[in-house]
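Engineer: Just dropping this structure here.
The values are calculated or read from the model by the stated rules, or taken from the named source; none is laboratory data. Since we're looking at a predicted model, the values are computed, not measured. Cβ placement follows ideal geometry from the backbone for every residue including glycine, while neighbour counts extend to all protein chains displayed.
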């Protein structure tokens, strides 16, 4: 069975445009087979974005496991002085992200990287946001948390979406071992938004 964290999806391309609201603003995105949440904006991602706040005026942001670019499109629309690096192992997702940044008229400094999580990435970040691929397994998710800690600057923020029934407790425990400050920002229908500060 092919998953959205496949490097080069074999599923037949059937690209389409979906629309959805985040904070009462409508956004349109190209999606396709072989990518995460192809039929609509993922509820967990939407919950994270609607609860996101930061005091940072300028930030280098990593959209880790970017999918088709929902996180970066929304945040770049709000935070014009933020720069973004979108990272995903899925080639199709990255191609869609590029199209969606253009479709939504994003003018921020943006770079797209095909990569397995943050392995081999030497750049440091002020903010990392991720809705990790739970179906890839606990080992992969925890690796992403550890790599995020290593790649964050001092006072850097890691925002994570995770469901209670899909490993929230063990993920939070790991984050508390790594970070000086971890809090539950919000919870909604079993989804938890965790914010950790280095």
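Engineer: If you check residue 73 against the conditions, is it surrounded by 14 or more Cβ atoms within 10 Å (Cβ to Cβ), in a loop (DSSP other than H, G, I, E, B) and touching a helix residue (DSSP H, G or I) at 6+ places or on another chain (Cβ under 6 Å)?
Structural biologist: No; evaluated as a whole, the condition is false for this residue.
Engineer: Would you mind stating whether residue 22 is more than 18 Å from the chain's Cα centre (by Cα), without any contact (Cβ under 8 Å) to a residue 60 or more places away in the chain, more than 16 Å from residue 133 (Cα to Cα) and surrounded by 15 or more Cβ atoms within 10 Å (Cβ to Cβ)?
Structural biologist: no
Engineer: Follow-up. When you go through 96, 113 one by one, which is the residue that is outside any loop (DSSP other than H, G, I, E, B), surrounded by fewer than 24 Cβ atoms within 10 Å (Cβ to Cβ) and touching a strand residue (DSSP E or B) at 6+ places or on another chain (Cβ under 7 Å)?
Structural biologist: Among 96, 113, only 113 is outside any loop (DSSP other than H, G, I, E, B), surrounded by fewer than 24 Cβ atoms within 10 Å (Cβ to Cβ) and touching a strand residue (DSSP E or B) at 6+ places or on another chain (Cβ under 7 Å).
To keep it simple, each residue is scored yes or no on (1) out of contact with any helix residue (DSSP H, G or I) (no Cβ under 6 Å at 6 or more places or on another chain); (2) at positive phi; (3) touching a residue at least 24 places away in the same chain (Cβ under 8 Å); (4) not in a helix (DSSP H, G or I).
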| residue | (1), (2), (3), (4) |
| --- | --- |
| 30 | no, no, yes, yes |
| 49 | no, no, yes, no |
| 63 | no, no, yes, yes |
| 77 | yes, no, yes, no |
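Engineer: Now for a different question. Name the residue that is surrounded by the fewest Cβ atoms within 10 Å (Cβ to Cβ), counting only residues in the range 163-187 that are touching a helix residue (DSSP H, G or I) at 6+ places or on another chain (Cβ under 9 Å), farther than 15 Å from residue 146 by Cα and at pLDDT 95 or above.
Structural biologist: 184
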